[in-house]
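*Asks:* I'd like to ask you about the structure that follows.
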Amino acid sequence: MVAGTGFRVVGVPDDRLRKLARGEYSTAEDRADAIAGAPRTMTFAEVQEATGLDWPSISSFWRSMGLALPAEDEAALTAKDVDAIIASYEVVAYGVLGQQTETQLLRAVSHTAERLAWWQFESLVDDAAGRHALDAESARLVVLDQIADMADIFEEQMVYAWRSHLSRIIRRVGAAVAEIGSQGSAPTPEALPLQRAVGFADLVGYTPISAKLDAVELDLLVQAFMRSCRDIVSRGGGRVVKELGDGIMFVTDEPGRAALIALDLAEQIGRDKTTPPARVGLVWGRVLGRFGDVFGPSVNLASRLTGLAAPGDVLVDAATAEALADQTGLSLEAQGAAAVPGMGEVVPYRLTRS
């Protein structure tokens, strides 16, 4: 233990923790300002004066970013905030985007960035704790010291990943539009716009199993499951829409690809005994895409089918079975009809490899 600090030091290069304990490093506020790119010196009144915008416009931007409004006289904003507020206002004022769309995009960026920042910070803490045999609080002190130096690396990775994914979206949507044009048909105006395969995979018996695990064991279980799912889905050409604690939701642009992903998930999750087995539900149908998520009856049905599936099984509905009927290497077997709440009677089909 370091005298007077309540934390211990084991194998940390350059005696970083002892320097932090003696106050030889800058404060957390200084490091936060360094990452933000400017110190927090401005109140909302000063920002109003600097931008020429009214209070509703500025507070709307702040709330859209998912940030709590500070006290009226609190110096909580930076020159970077002023630039961002003006840029957001001009996008709408010059007619590039409507106000509602700009608000949605701000919320999307802020929500994603907050989740990413926490993910990065927690990963660094885990790394420091594991490599230097530190307790949780000591590991956080090390990360607080180092993270400002890594901000540029994180920014480069984020921009690279964003551009890579955006370019893939453009290619994928372009191919889908070209296919619709070649077929000479498009969805009717009242139909949901996107035809997608939606799948869910969840761990069987997660609740009773997790109740018996300590924090480290539960963390390892969740990480192993999510890592395997993301690897399988991305390798198969799909996209993980969201993680659900004990499950995932994924989408693909065509049913055959989704079927192979679903089978891989059902066959590979739990095979090495590090996680329980998974069960999968899959539906091919029309959905509405919003906020990076998808919505519609197909999504609800896929979730319900997952709950009906046995461990290691994949269930699809009759329409999806028909869409997969000509796919080589697949076999479909009708199961007994089941009553699905809110959807009536559904006949699931068990999907396997032929």
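*Asks:* Given the condition of a type in the set (A, V, I, L, M, F, W, C), out of contact with any Lys or Arg (no Cβ under 9 Å at 6 or more places or on another chain), at pLDDT 90 or above and closer than 16 Å to Leu315 by Cβ, answer yes or no: does some residue in segment 245-252 qualify?
*Replies:* Of all residues in segment 245-252, those of a type in the set (A, V, I, L, M, F, W, C) come to 248-251.
Add one more test, that the residue is out of contact with any Lys or Arg (no Cβ under 9 Å at 6 or more places or on another chain), and what stays is none.
No: zero hits.
*Asks:* Right, something else. If you check Ala323, Ala262, which single one turns out to be surrounded by 15 or more Cβ atoms within 10 Å (Cβ to Cβ), touching a Phe, Trp or Tyr at 6+ places or on another chain (Cβ under 6 Å) and either without any contact (Cβ under 8 Å) to a residue 12 or more places away in the chain or closer than 17 Å to Gly237 by Cβ (or both)?
*Replies:* On the way: Ala262 fails: touching a Phe, Trp or Tyr at 6+ places or on another chain (Cβ under 6 Å).
Every option except Ala323 fails the conditions.
*Asks:* Right, here's the next one. Here are some residues: Glu72, Glu90, Glu122. Which one is out of contact with any Phe, Trp or Tyr (no Cβ under 7 Å at 6 or more places or on another chain), among the acidic types (Asp, Glu) and under 26 Å from Thr43 (Cα atoms)?
*Replies:* On the way: Glu72 fails: out of contact with any Phe, Trp or Tyr (no Cβ under 7 Å at 6 or more places or on another chain); Glu122 fails: under 26 Å from Thr43 (Cα atoms).
Checking each option against the conditions leaves just Glu90.
*Asks:* Do we have Ala34 as within 21 Å of the chain's Cα centre (by Cα), in contact (Cβ under 8 Å) with a residue 60 or more places away in the chain, outside the structural domain of Val241 (by TED's automatic domain parsing) and assigned to a helix (DSSP H, G or I) here? Walk me through how you get there before you give the answer.
*Replies:* Values: within 21 Å of the chain's Cα centre (by Cα): no; in contact (Cβ under 8 Å) with a residue 60 or more places away in the chain: yes; outside the structural domain of Val241 (by TED's automatic domain parsing): yes; assigned to a helix (DSSP H, G or I): yes.
Spelling it out, it is not the case that Ala34 is within 21 Å of the chain's Cα centre (by Cα), in contact (Cβ under 8 Å) with a residue 60 or more places away in the chain, outside the structural domain of Val241 (by TED's automatic domain parsing) and assigned to a helix (DSSP H, G or I).
*Asks:* When you scan segment 341-349, do you find a residue that is in the same structural domain as Leu282 (by TED's automatic domain parsing), out of contact with any helix residue (DSSP H, G or I) (no Cβ under 9 Å at 6 or more places or on another chain) and among the β-branched types (Val, Ile, Thr), even just one? Walk me through it before giving the result.
*Replies:* Looking only at segment 341-349, we keep the residues that are in the same structural domain as Leu282 (by TED's automatic domain parsing), and these are 341-349.
Of the ones still in play, those that are also out of contact with any helix residue (DSSP H, G or I) (no Cβ under 9 Å at 6 or more places or on another chain) are 344-345.
When the remaining residues are screened for being among the β-branched types (Val, Ile, Thr), the result is none.
Checking segment 341-349: not a single residue is in the same structural domain as Leu282 (by TED's automatic domain parsing), out of contact with any helix residue (DSSP H, G or I) (no Cβ under 9 Å at 6 or more places or on another chain) and among the β-branched types (Val, Ile, Thr).
*Asks:* While we're on this one: It is to be established whether one or more residues within segment 158-169 are surrounded by 13 or more Cβ atoms within 10 Å (Cβ to Cβ), part of a helix (DSSP H, G or I) and at pLDDT 85 or above.
*Replies:* So in segment 158-169, the residues surrounded by 13 or more Cβ atoms within 10 Å (Cβ to Cβ) come out as 158.
Keeping just the survivors that are part of a helix (DSSP H, G or I) gives 158.
Filter again for at pLDDT 85 or above, leaving 158.
Looking for residues that are surrounded by 13 or more Cβ atoms within 10 Å (Cβ to Cβ), part of a helix (DSSP H, G or I) and at pLDDT 85 or above, one finds at least one in segment 158-169, hence yes.
*Asks:* Considering only segment 95-132, state which residues are within 16 Å of the chain's Cα centre (by Cα) and among the β-branched types (Val, Ile, Thr).
*Replies:* Once the filter is applied, which keeps residues that are within 16 Å of the chain's Cα centre (by Cα) and among the β-branched types (Val, Ile, Thr), segment 95-132 yields Val109, Thr112.
*Asks:* With the requirement that a residue be in contact with a Pro (Cβ under 9 Å, 6 or more places away or on another chain), assigned to a loop (DSSP other than H, G, I, E, B) and either polar (S, T, N, Q) or within 15 Å of Ile261 (Cβ to Cβ) (or both), what does segment 314-329 give you?
*Replies:* Leu324, Gln327
*Asks:* Any residue at all in segment 65-84 that's at pLDDT 80 or above, touching a Gly at 6+ places or on another chain (Cβ under 7 Å) and assigned by TED's automatic domain parsing to the domain that holds Asp152?
*Replies:* yes
*Asks:* Looking at segment 83-121 only, could you name the residues that are among the hydroxyl-bearing types (Ser, Thr, Tyr), loosely packed, with under 13 Cβ neighbours inside 10 Å and assigned to a helix (DSSP H, G or I)?
*Replies:* Taking segment 83-121 first, the residues among the hydroxyl-bearing types (Ser, Thr, Tyr) are 88-89, 94, 101, 103, 110, 112.
Narrowing further to those that are loosely packed, with under 13 Cβ neighbours inside 10 Å: 94, 101.
The answer is Thr101, and nothing else.
*Asks:* Within segment 79-95, how many residues are out of contact with any Asp or Glu (no Cβ under 8 Å at 6 or more places or on another chain) and among the β-branched types (Val, Ile, Thr)? Steps first, please.
*Replies:* We begin by selecting, within segment 79-95, every residue out of contact with any Asp or Glu (no Cβ under 8 Å at 6 or more places or on another chain); these are 79-87, 89-90, 93-95.
Cutting the leftovers down to among the β-branched types (Val, Ile, Thr) gives us 82, 85-86.
Summing the residues that are out of contact with any Asp or Glu (no Cβ under 8 Å at 6 or more places or on another chain) and among the β-branched types (Val, Ile, Thr) in segment 79-95 gives 3.
*Asks:* Which condition breaks for Leu332 when tested against (1) modelled with pLDDT of 90 or more; (2) not in a strand (DSSP E or B)?
*Replies:* Leu332 satisfies every listed condition except (2).
*Asks:* Then there's this: Scan segment 335-348 and give yes if some residue there is surrounded by 15 or more Cβ atoms within 10 Å (Cβ to Cβ), at pLDDT 90 or above and under 30 Å from Ala108 (Cα atoms), otherwise no.
*Replies:* Looking through segment 335-348, none of the residues is surrounded by 15 or more Cβ atoms within 10 Å (Cβ to Cβ), at pLDDT 90 or above and under 30 Å from Ala108 (Cα atoms).
The values are calculated or read from the model by the stated rules, or taken from the named source; none is laboratory data. Since the model is a prediction, treat every value here as computed from it, not as a measurement. With ideal geometry, Cβ positions are generated from the backbone for all residues, glycine too; neighbour counts draw on all protein chains shown.
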